[in-house]
Amino acid sequence: MLNVAIIGAGAISSAHIEGYLQFPKRCKIVAVADSFEGKAQAKIDKHQLDAKAITSYQELLQEDIDVVSVCTPPYTHAPITVDFLQAGKHVIVEKPMASSLQECDAMNAAALANNKVLSVIAQNRFKTPMMKLHSILQEELIGKIVHAQVDSFWWRGHCYYDLWWRGTWEKEGGGCTLNHAVHHIDALLWMMGKPSEVQAFMGNVSHDNAEVEDISIAMLRYPSGALAGITSSVVHHGEEQQLIFQGSKARVSAPWRVTASHSQPHGFPENNPELEELIQSRYDTLPDVTYESHVGQIDNVLTAIETGTGVLIDGDSGRSTLELIVGIYKSASTGEKVTFPISPEDPFYTREGIQQHAIHFYEKKVSVDQFQDRPITMGSEFK
């Protein structure tokens, strides 16, 4: 039986708590920590946990804790994660992994030095349509990928950035690109690999109480010559989200759709029903995932701890996602094309460098300690 601690009792912590509760014979939540003790106790009461509420996570470093879920604001991810790894605990950390590549490197070094599991939340990978799409792309049934389109469309009201840690480069680490599109950027890298360069633009068009962006558009080039586009937004009504991959033979996407064409003698397209049927048949035979979303990722981490196997989303995956996001921020802030990798000498490698060099759109005018605990939207199911 693995003992679990939840660090941070904000809205997202419920997804972690509910995930662990699916495996009562494998783990038990014994503590919830939050700087507001009432929030920690409220989570304990809501989920009827046999756990204690504390205000300082440091109290748990020497206790009999096996696994920690870090659900705090992004600027705290690195120090909390490193402290627990060095104390011999396994760590699941919410997205984004950290606020800088320097912090990611410190987190990965601590995991390696202490031989502990570090997994970064990317729950969309643990959804049946995404798993199936990944398999189809790996089998190259659509041919060589020539273009990818990522629409990470969300909508958040003006008051969303009133929460004390949101809307600043110092504490949130960025806007919609880092904290919303991170899900889809992770999926793109999982499906297609790392790009070689990026050119990007960003703006703040609807939230004048935030320093950070509420929309960005990035153009990527891959070593293969393929191109990709990512739109990250919290200004899109309806929150439609999709990933589309155009191959030399066919097009597939999440939400799932397949279309295949071949050329007529004069070069115009003609539908290829045989290939569509082949791809659809293969998609239909692929298994559904057993556990979806956060539950699936928690199961994956528990299994890794129990068996000594690897996790699907480790610290290297989390770092790769952040590197692309940092590249988008650098390009949009400087107006320059950014090539990868980003070196430790780059001004955008550190938190301080990003805070100094990234565009500050507005000054944060309003700050509230906490919102009432309400349901949150966590993205498309990609059905």
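The values are calculated or read from the model by the stated rules, or taken from the named source; none is laboratory data. Computed from a predicted model, the values in this text were never measured in an experiment. Here the Cβ is made from the backbone with ideal geometry for all residues, glycine too, and neighbour counts use every protein chain on show. Ligands, DNA and RNA are excluded from the accessible area calculation, which covers all protein heavy atoms including side chains. Shrake-Rupley method; radii C 1.70, N 1.55, O 1.52, S 1.80 Å.
Observations
- Counting only residues that are open to solvent by less than 60 Å² (accessible area, probe 1.4 Å), in contact with a Lys or Arg (Cβ under 7 Å, 6 or more places away or on another chain) and over 25 Å from Phe361 (Cα atoms), segment 204-244 holds 1 of them.
- Per the listing Ile142, Ile136, the residue uniquely at negative phi, of a type in the set (A, V, I, L, M), in a loop (DSSP other than H, G, I, E, B) and surrounded by 18 or more Cβ atoms within 10 Å (Cβ to Cβ) is Ile142.
Yes/no matrix, rows are residues, columns are (1) of a type in the set (Asp, Glu); (2) assigned to a strand (DSSP E or B); (3) more than 17 Å from Gln149 (Cβ to Cβ); (4) at pLDDT 95 or above:
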position	(1), (2), (3), (4)
Ser232	no, yes, no, yes
His237	no, no, yes, yes
Phe245	no, yes, no, yes
Val252	no, yes, no, yes
Glu270	yes, yes, yes, yes
Glu274	yes, no, yes, yes
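- Evaluation of Ile376 against the conditions (1) within 20 Å of the chain's Cα centre (by Cα); (2) in a helix (DSSP H, G or I) shows that the sole unmet condition is (2).
- Residue count, segment 161-218 (criterion: in a loop (DSSP other than H, G, I, E, B) and closer than 28 Å to Leu312 by Cβ): 10
- Note on segment 48-75: among residues that are over 16 Å from Asn3 (Cβ atoms) and free of Cβ contacts under 8 Å to residues at least 40 places away in the same chain, the one that is surrounded by the fewest Cβ atoms within 10 Å (Cβ to Cβ) is Gln48.
- Test for Trp155: is it farther than 22 Å from Gln102 by Cα, surrounded by fewer than 19 Cβ atoms within 10 Å (Cβ to Cβ) and over 20 Å from the mean Cα position of the chain (by Cα): no
- Test: residue in segment 343-354 that is closer than 30 Å to Ala9 by Cβ, within 19 Å of the chain's Cα centre (by Cα), open to solvent by less than 60 Å² (accessible area, probe 1.4 Å) and of a type in the set (Lys, Arg): yes
- When segment 159-196 is filtered for residues that are of a type outside the set (Ser, Thr, Tyr) and open to solvent by 30 Å² or more (accessible area, probe 1.4 Å), the ones remaining, listed by number, are Cys159, Trp164, Trp165, Arg166, Glu170, Lys171, Trp190, Met192, Lys194.
- Of Tyr291, Tyr283, Tyr362, all but one fail to be surrounded by 12 or more Cβ atoms within 10 Å (Cβ to Cβ), hydroxyl-bearing (Ser, Thr, Tyr) and not in a loop (DSSP other than H, G, I, E, B); the exception is Tyr283.
- Against the conditions (1) closer than 19 Å to Trp169 by Cα; (2) under 21 Å from the mean Cα position of the chain (by Cα), Ser333 satisfies every one except (2).
- Filter result (surrounded by fewer than 17 Cβ atoms within 10 Å (Cβ to Cβ) and in contact (Cβ under 8 Å) with a residue 40 or more places away in the chain) within segment 300-311: Glu306
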